[in-house]
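Novice: Could you have a look at this structure, given as structure tokens, before my questions?
Just so it is clear, none of the values below were taken in a lab; they were calculated from the coordinates. No experiment lies behind these values; they were computed from the predicted model shown. In this analysis, Cβ positions are derived from the backbone assuming ideal geometry, glycine residues included, and neighbour counts consider all displayed protein chains.
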Amino acid sequence: MTPIEIKNKTNMTQRDGFTSTFGVLVATLGSAVGLGNIWKFPYLTGTNGGAGFLLVYLLATLLLGLPVMIGETMLGRATRANAVSIFEKLRPAQPFWKIIGYTGMLAAMLILGFYTEVAGWVFAYIFKALSGSLLHGDASAAQAQFKATIANPLSALAWQWAVLLLTGGIIMLGVSKGIEAVAKRLMPVLFLLLVVLCIRSLTLSGAGAGLKFLFAPDFSKVSAGVILTAVGLAFFKLSIGMGTMLTYGSYFRDDQNIPVTAGRVMLADLSISLLAGIAIFPAVFTFHFAPTDGPALVFLTIPAVFASMPGGQIFMVLFFVLTALASIGAILSLLEVPVAALTERLHWSRRKATALTVLLIAILGAPAALSNGAAAHWTIFGLTFFDFYDFVSSNLLLPVGGLLLCVFVGWIIGRDWVQSQLSNRGLLANQAVVTGVFMLLRYVSPVLIVIVLLRGLKVF
Ligand code: PFF
């Protein structure tokens with residue numbers, strides 16, 4: 001069951017929870033898996049030097065991402081509240097901590113500002129795949145086609161609005177149950193399709209070069225800025241540092257083994273990203289694209305691989321449909337943060353909260369949507385709106401949100417409480433795991449985040 005269904009069922013008067021362990025896993029994965037795996041992970045790995053970046057990203061996921069995810073879901077489950085009210089409930093005398101919820105809402109809005117645009121590109125590519133116009137495998141034609149798709153102001157805005165209306169509608173109409181049921185069945189298909197793509201890619205002539213780029217680290221390329229980007233990606237991927245996992249944790253069952261669930265989500269999420277990387281990089285080297293092609297990367301390489309396969313067109317349509325579905329799951333979880341907070345704190349109806357949120361994102365998102373064409377010259381600190389939203393959310397707000405969470409759990413809430421929560425009040429024999437998570441949250445993760453942030457932002 002998704003949080004959205006739960007909200008619709010309960011009329012906001014009482015809170016319910018996920019009905020099964022599997023339901024929790026699917027819903028949490030639905031938030032984590034999205035454009036981050038298929039679009040952002042490959043393109044950032046490409047622009048940041050390959051394997052060295054991947055290694056830092058893996059370390060960041062283990063040392064920062066996993067403990068913060070465990071901490072967030074734990075706080076949500078213990079309080080059964082939205083991302084802002086959680087802190088009010090736990091420390092009513094210290095209003096400062098509500099800032100975690102508020103920065104989370106801001107981060108969610110900024111992420112949605114560019115994420116809905118990229119989801120729009122995916123939708124546009126479903127139709128291109130259907131028409132057969134992507135089946136050429138020619139690098140410069142593919143680049144021109146992608147540029148034309150994203151530069152057209154009308155279609156950029158129209159696709160973004162279509163995505164916003166669709167996802168806002170799903171939340172308002174309460175049809176997320178259907179979506180979730182479909183997604184649950186289709187996620188394994190996405191996984192299988194990625195495996196097929198990987199097999200095809202590994203038999204391409206550039207497979208060796210692609211794998212070397214992805215797995216043989218060149219540490220000279222790992223600068224402080226690259227490390228900050230990898231940390232930001234780790235947070236973005238696991239939907240943490242901005243309230244989503246706080247909110248989702250509030251729907252977890254009391255008997256859920258939180259560390260185990262978070263570990264499974266992390267592993268499944270990493271596998272999907274790695275598969276996407278293995279599918280893409282051999283194609284980059286075979287079809288003469290550049291790893292540094294940036295946000296265009298997946299839109300260039302994946303069609304080229306399919307074009308080189310029998311039955312490629314059908315697979316290509318399926319690929320973009322599944323990617324679109326995965327992006328919808330992530331968008332629903334992003335919308336849930338402000339919508340849950342607005343309905344519960346201001347006693348707005350779900351409909352009103354969703355309408356206002358979607359409207360705000362449409363306004364905020366428009367300059368990002370136009371960043372690749374008409375508004376390319378509108379910049380903030382030298383970045384287009386699209387890049388600025390991405391940078392501020394991933395490289396600033398998510399790590400800061402994660403840092404505050406570490407301090408809150410490690411230093412304010414304290415060990416006994418964490419022990420009791422993560423062991424389900426002593427029912428689980430997981431003392432060593434809990435001690436490890438607590439030590440990471442108290443000492444290791446906050447120190448690492450501070451160093452990475454300060455160095456990455458060139459403060460010292
Ligand atoms: N984790 C999603 C992805 O990788 O596509 C994006 C995302 C969803 C980020 C929800 C943050 C979030 F709260």
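Novice: What is the sum of charges, Lys and Arg at +1 and Asp and Glu at -1, for the other residues whose Cβ falls under 15 Å from the Cβ of Leu211?
Specialist: +1
Novice: Could you list log10 I(q)/I(0) for region 295-451 at q = 0.09 Å⁻¹, which the Debye formula gives when each Cα is one point scatterer?
Specialist: -0.56
Novice: Using alpha carbons only, how many degrees (0 to 90, rounded to 10) separate the axis of helix 224-237 from the longest principal axis of the chain?
Specialist: 70
Novice: Let me ask you something else. With a 10 Å Cβ neighbour count serving as the proxy for reagent exposure, in which order, fewest first, do Cys406, Cys198 appear?
Specialist: Cys198, Cys406
Novice: On the first, second and third principal axes, largest extent first, how far apart are the outermost C-alpha atoms of region 32-113 in Å?
Specialist: Its Cα atoms span 47, 29, 21 Å along the three principal axes.
Novice: Could you work out how much longer the chain between Trp378 and Tyr102 gets when fully extended? Use 0.36 nm per residue separation minus the Cα distance between them, nm to one decimal.
Specialist: Roughly 96.6 nm would be gained on extension.
Novice: Can you work out the base-10 log of I(q)/I(0) for region 240-335 at q = 0.18, 0.25 1/Å, using the Debye formula on its C-alpha atoms alone?
Specialist: -0.97, -1.35
Novice: Relative to the present Cα-Cα distance, how much length would full extension add between Ile451 and Ala151 at 0.36 nm per residue of separation?
Specialist: Between Ile451 and Ala151, full extension yields 104.2 nm more.
Novice: Also, I was wondering about something else. Could you state the per residue volume, in Å³, of the convex hull enclosing the Cα atoms of the chain?
Specialist: 135
Novice: Ok, one more. Between Phe215 and Leu267, what length comes free when the chain is fully extended (0.36 nm per residue of separation minus the Cα-Cα distance, one decimal in nm)?
Specialist: 16.9 nm
Novice: Set the bar at 25 Å for Cα to Cα. Now go through Lys98/Lys184; Lys212/Lys458; Lys98/Lys352; Lys128/Lys221 and name every pair that lies beyond it.
Specialist: Those over the limit are Lys98/Lys184; Lys212/Lys458; Lys128/Lys221.
Novice: Continuing with this model, one more query. Which value at 222 nm does the chain reach when only helices count, each DSSP H run of 4 or more adding -39,500 (n - 2.57), with the total divided by all residues and rounded to the nearest 500 deg cm²/dmol?
Specialist: Per the formula, -22500 deg cm²/dmol.
Novice: By the scheme Lys and Arg +1, Asp and Glu -1, what is the net charge of all other residues having a beta-carbon under 11 Å from that of Gly225?
Specialist: Result for the local shell: +3.
Novice: Pop the C-beta distance of Ala224 and Ser349 into the FRET formula with R0 = 45 Å and round what comes out to the nearest 0.05.
Specialist: My answer for the efficiency is 0.45.
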